[in-house]
Amino acid sequence: MHRSSTFIFSWMCFGFAFLYVPILILILFSFNNSAIMSVWGGFSLRWYEELFNNEQIIEASLLSLRIAATSATFATILGTMAGLVISQVRNFRGRLLFSGLLGAPLVMPEVITGLSLLLFFVSLQELIGWPGSRGASTITLAHITFSMAYVAVIIQSRLTDMDHSLAQAALDLGAKPHQVLIDITIPIITPAMISGWLLSFTLSLDDLVIASFTSGAGASTLPMVIFSKIKLGVTPDVNALATMIILIVGIGIFISGYIIHRKNSTRGA
């Protein structure tokens with residue numbers, strides 16, 4: 001038993017090291033004074049200064065954050081509605097078809113999704129004249145399309161585990177269905193909605209393939225800019241940028257975990 005525990009612990013340490021040691025090395029070399037990636041030239045904030053003075057990266061970062069926040073918000077709203085329909089509406093005749101269509105983006109290759117959305121926007125432009133050009137709006141719509149599927153799965157899973165006797169008791173006591181939804185269902189699934197929003201935000205911020213298909217001139221997201229820079233050779237300012245992203249994501253995870261923990265504690269009390 002002791003040997004088995006040691007073996008499992010060793011493989012666990014190896015797995016965590018495999019995942020996080022490269023990230024720690026990246027963070028360390030973001031403070032490297034040398035312009036050569038593999039040579040340590042002393043501690044310096046040089047590349048952070050160059051990063052904050054790089055207008056291309058700043059504009060791409062602001063665009064990506066705006067797209068991610070907008071798409072995550074609408075994806076959370078639509079995904080929550082879809083999850084409620086699948087879980088709560090039992091007499092919905094098209095439920096199986098709707099579930100299949102909703103889950104398709106989860107398994108569809110991103111290249112196929114991006115190409116189909118590109119053809120869709122081009123067809124719309126020829127038929128009704130919209131969109132006039134591909135840019136932030138088309139990228140946002142594309143991200144909403146696949147992000148809402150992830151939110152719907154999270155919401156549906158939470159609703160499956162929910163104690164439906166609470167809602168039924170409220171209905172028996174004379175509450176209207178919309179009151180039950182607002183006063184009981186929504187507060188219970190709020191942690192799942194927060195998780196869905198964060199997941200959608202991360203997926204949008206990280207997306208490269210779909211954004212490349214649905215973007216146009218003057219609408220380069222942060223992953224697109226990073227990818228174009230890497231093709232010409234990795235520079236140390238990319239390490240600084242990655243470190244900033246890791247810091248922002250870490251803060252977001254900490255805040256969301258704290259909020260979810262407080263809500264779960266309140267609900268348990």
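The values are calculated or read from the model by the stated rules, or taken from the named source; none is laboratory data. Here the structure is a predicted model, which is why all the values come from computation and not from measurement. With ideal geometry, Cβ positions are generated from the backbone for all residues, glycine too; neighbour counts draw on all protein chains shown.
ALA217 meets each of the listed conditions (1) closer than 24 Å to THR70 by Cα; (2) surrounded by fewer than 18 Cβ atoms within 10 Å (Cβ to Cβ); (3) touching a residue at least 12 places away in the same chain (Cβ under 8 Å); (4) in contact with a helix residue (DSSP H, G or I) (Cβ under 9 Å, 6 or more places away or on another chain) apart from (4). Residues that are among the hydroxyl-bearing types (Ser, Thr, Tyr) and modelled with pLDDT under 85 were ranked within segment 90-141; the one that is surrounded by the fewest Cβ atoms within 10 Å (Cβ to Cβ) is SER133. For segment 65-78, a residue qualifies if it is closer than 14 Å to ILE186 by Cβ and touching a residue at least 12 places away in the same chain (Cβ under 8 Å), and exactly one does: THR76.
Would it be correct to say that ASP172 is within 26 Å of the chain's Cα centre (by Cα), modelled with pLDDT under 80, farther than 16 Å from ALA75 by Cβ and surrounded by fewer than 17 Cβ atoms within 10 Å (Cβ to Cβ)? Spelling it out, it is not the case that ASP172 is within 26 Å of the chain's Cα centre (by Cα), modelled with pLDDT under 80, farther than 16 Å from ALA75 by Cβ and surrounded by fewer than 17 Cβ atoms within 10 Å (Cβ to Cβ). Which of the following residues is under 17 Å from ALA69 (Cβ atoms), surrounded by fewer than 18 Cβ atoms within 10 Å (Cβ to Cβ) and under 21 Å from the mean Cα position of the chain (by Cα): ILE245, ILE260? None of the other options fit; the residue is ILE245.
Residues in segment 109-156 that are within 26 Å of LEU198 (Cα to Cα), among the polar types (S, T, N, Q) and in contact with a Pro (Cβ under 9 Å, 6 or more places away or on another chain): THR113, SER137, THR138, THR145, SER147.
When the residues of segment 32-87 are filtered to those that are polar (S, T, N, Q) and more than 28 Å from the chain's Cα centre (by Cα), the one that is surrounded by the fewest Cβ atoms within 10 Å (Cβ to Cβ) is SER38. Of everything in segment 175-208, what is in a helix (DSSP H, G or I), surrounded by fewer than 17 Cβ atoms within 10 Å (Cβ to Cβ) and of a type in the set (A, V, I, L, M)? Give them in sequence order. Listed by number, the residues that qualify are LEU181, ILE182, ILE186.
Can you find a residue that is assigned to a helix (DSSP H, G or I), out of contact with any strand residue (DSSP E or B) (no Cβ under 6 Å at 6 or more places or on another chain) and not hydrophobic (A, V, I, L, M, F, W, C) anywhere in segment 27-47? Checked segment 27-47: at least one residue is assigned to a helix (DSSP H, G or I), out of contact with any strand residue (DSSP E or B) (no Cβ under 6 Å at 6 or more places or on another chain) and not hydrophobic (A, V, I, L, M, F, W, C).
Checked against (1) out of contact with any helix residue (DSSP H, G or I) (no Cβ under 8 Å at 6 or more places or on another chain); (2) closer than 21 Å to ILE230 by Cβ; (3) of a type in the set (A, V, I, L, M), LEU51 passes all but a single condition, namely (1).
Of the residues making up segment 108-136, those that are closer than 15 Å to SER147 by Cβ and in a helix (DSSP H, G or I) are GLU110, THR113, GLY114, LEU117. When segment 146-180 is filtered for residues that are touching a Leu at 6+ places or on another chain (Cβ under 8 Å) and under 28 Å from ALA104 (Cβ atoms), the ones remaining, listed by number, are PHE146, SER147, MET148, ALA149, TYR150, VAL151, ALA152, VAL153, ILE154, ILE155, LEU159. Annotation: LYS231 fulfils all but one of (1) basic (Lys, Arg); (2) closer than 30 Å to LEU26 by Cβ; (3) modelled with pLDDT of 85 or more; the unmet one is (3).
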